[in-house]
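The values are calculated or read from the model by the stated rules, or taken from the named source; none is laboratory data. Keep in mind the model is a prediction, meaning the values are calculated, not measured. Positions of Cβ are backbone-derived with ideal geometry, glycine not excepted, and every protein chain shown enters the neighbour counts.
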Amino acid sequence: MTAAFTPPFTPTSRHWADLSGPALTAALTERSIAVVPIGAIERHGPHLPLRPDALVAETIATAAVERVAADGIDAWVLPTISYAKSDEHHWAPGTVWLEGTTVLDTLVDIGRSIAMTPAKTVVFVNGHGGNVMLLGWANRELRRRFGLRTFSMPATAAGAGDGLDGRPDEKGQGIHGGFSETSLVMHLAPHLVAPEMRTGANAAHGKELYERGVDFVCEALAEIDGFVFG
């Protein structure tokens, strides 16, 4: 008779992929929340890298999972989905995008895989506006097909500069690669921002946006945990 598996250690990492399969299965319960960051690889002007959407989703989701786990919520962060629905930027060299149907199939397959574990709650933390409608569709598919409890939310609520308190007035047009997004990347990865083209952005504002995003995702995860298991 084969002995039951006993993990040789108590997992300290909240990164799903850092654990072995048996250790993860032993660590997860029906109360576990699988958090999946999703972004995009697409043009963000000449001053930013291609990955702000994936970078922001991943860093905010990871920080939020670590914080809520310290408060007793059993959340785990999965590897970031970086390639998504960015066909609005198909014209721009460097953009790597998938058809919407491919993204949907990928999300369904990821959900199917999660459903094979004890975890039954999935949360998508999204850094790219082009994914919003697909995530709503995927949430319904995962509920219907696999009985998962599914949720999605934005990583941040960053908007265009409004001309107040020293912010540039982008007249509503700076939501992509503008003041807020550039500020976020300057906070998270300043070495990736072209210094001569920062659109009036600054790392201090990026830090504020980042912290707001982490707070929002933490509050949402706590609400989900209380709603499902409270």
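Within segment 43-67, residues that are in a loop (DSSP other than H, G, I, E, B) sit with their Cβ atoms under 6 Å from residues that are modelled with pLDDT of 95 or more and surrounded by 24 or more Cβ atoms within 10 Å (Cβ to Cβ), at 6+ positions apart or across chains, in these pairs: His44/Pro52; Leu48/Val185. Among the numbered conditions (1) surrounded by fewer than 18 Cβ atoms within 10 Å (Cβ to Cβ); (2) at pLDDT 95 or above, the only one that Asp169 does not meet is (2). The residue that is nearest to Val122 (Cα to Cα), counting only those in segment 176-224 that are acidic (Asp, Glu) and assigned to a helix (DSSP H, G or I), is Glu223. Give me the residue from segment 113-159 that is part of a strand (DSSP E or B) and among the aliphatic types (A, V, I, L, M) and, out of that set, farthest from the chain's Cα centre (by Cα). Among residues in segment 113-159 that are part of a strand (DSSP E or B) and among the aliphatic types (A, V, I, L, M), the one farthest from the chain's Cα centre (by Cα) is Val122. If only residues of segment 70-111 that are surrounded by 14 or more Cβ atoms within 10 Å (Cβ to Cβ) and of a type in the set (Gly, Ala, Ser) are counted, the one that is farthest from Asn131 (Cα to Cα) is Ala75. Closer than 22 Å to Val214 by Cα and either of a type in the set (A, V, I, L, M, F, W, C) or crowded, with 18+ Cβ neighbours inside 10 Å (or both) - does that describe any residue in segment 20-31? No, there is no match, as no residue in segment 20-31 is closer than 22 Å to Val214 by Cα and either of a type in the set (A, V, I, L, M, F, W, C) or crowded, with 18+ Cβ neighbours inside 10 Å (or both).
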